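Engineer: Sharing a structure with you now.
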Amino acid sequence: MFEAIRVAVGQVTLSDAMAPARTEEDQLELAVRGYARMVYRIAYSVLRNHQDAEDATQETFVRVLRARRKLVAVDDPQRWLARIAWRVAVERRKKSPETALEETGQAGMQLRSAEMPADEAIAGREVARALERLIPALPRRLRDVVTLSTVEDMSPKDVAAVLEISEAAVRSRLFRARQILRQKLGALLEGSYGT
């Protein structure tokens with residue numbers, strides 16, 4: 001009988017000791033499941049390469065695994081993960097030259113599946129390609145704000161937290177970046193269509 005109590009007490013003690021670990025593991029698993037796409041998209045927006053973005057996503061979650069005890073205390077896991085993903089991607093971009101892979105098959109599928117007339121779809125695709133070339137040409141402080149706000153549709157508050165700047169600076173930079181993009185896009189379209 002005492003043996004059964006000792007075993008039962010041992011099991012309770014063991015399971016109680018493992019409870020915080022399970023909570024951390026559960027939170028980590030939830031973070032991976034819930035935010036993996038967001039982390040990938042942030043990495044891709046910076047690196048513009050599928051394989052590099054996958055590597056950066058994996059590295060982001062490795063860093064989160066190392067700091068998993070902090071995850072329990074984080075108020076906003078999405079913002080915390082976005083900040084880590086951003087830093088990892090920027091570090092990787094600095095280490096390797098930028099190489100973009102063309103995804104022509106995907107573009108063709110998008111064009112065929114569009115519900116609008118072909119000429120409108122082509123014009124929209126041309127504008128998107130022009131923006132893809134113009135955004136990287138922006139000054140870094142403007143480019144970073146545009147990338148985060150458009151890729152993940154992050155609020156100015158979230159972008160400010162990721163970049164560690166004020167919300168007012170985010171709004172100001174976003175406004176200025178949009179002005180520059182509008183001017184350059186207008187000039188490009190004017191030249192393309194011979195206005």
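The values are calculated or read from the model by the stated rules, or taken from the named source; none is laboratory data. Since this is a predicted model, take the numbers as computed values, not measurements. All Cβ positions, even for glycine, are placed from backbone atoms using ideal geometry, and neighbour counts span all protein chains on display.
Engineer: Residue under question is Glu29, and the condition is that it be assigned to a helix (DSSP H, G or I) and modelled with pLDDT of 85 or more; does it hold?
Structural biologist: Details: assigned to a helix (DSSP H, G or I): yes; modelled with pLDDT of 85 or more: no.
No.
Engineer: Which one is surrounded by the fewest Cβ atoms within 10 Å (Cβ to Cβ), of the residues in region 63-83 that are out of contact with any helix residue (DSSP H, G or I) (no Cβ under 9 Å at 6 or more places or on another chain) and not acidic (Asp, Glu)? Working first, answer last.
Structural biologist: As a first pass, look at region 63-83 and keep what is out of contact with any helix residue (DSSP H, G or I) (no Cβ under 9 Å at 6 or more places or on another chain): 66, 73, 75.
With the extra rule that they be not acidic (Asp, Glu), the set shrinks to 66, 73.
Details: Arg66: 9, Ala73: 7.
Going through the qualifying residues, I end up with Ala73.
Engineer: Could you list, in sequence order, the residues of region 57-97 that are aromatic (Phe, Trp, Tyr) and touching a residue at least 40 places away in the same chain (Cβ under 8 Å)?
Structural biologist: Trp86
Engineer: May I pose another question? Out of region 147-160, which residues are assigned to a helix (DSSP H, G or I), hydrophobic (A, V, I, L, M, F, W, C) and at pLDDT below 90? Outline the logic, then answer.
Structural biologist: Of all residues in region 147-160, those assigned to a helix (DSSP H, G or I) come to 147-151, 156-160.
Now narrow it down to the ones that are hydrophobic (A, V, I, L, M, F, W, C): 148, 151, 159-160.
Residues satisfying the conditions are Leu148, Val151.
Engineer: While we're on this one: Name the residue, out of Tyr35, Tyr40, that is in contact with a Leu (Cβ under 8 Å, 6 or more places away or on another chain), within 22 Å of Ser155 (Cβ to Cβ) and modelled with pLDDT of 85 or more. Steps first, answer last, please.
Structural biologist: On the way: Tyr40 fails: in contact with a Leu (Cβ under 8 Å, 6 or more places away or on another chain).
Matching residue, one of Tyr35, Tyr40: Tyr35.
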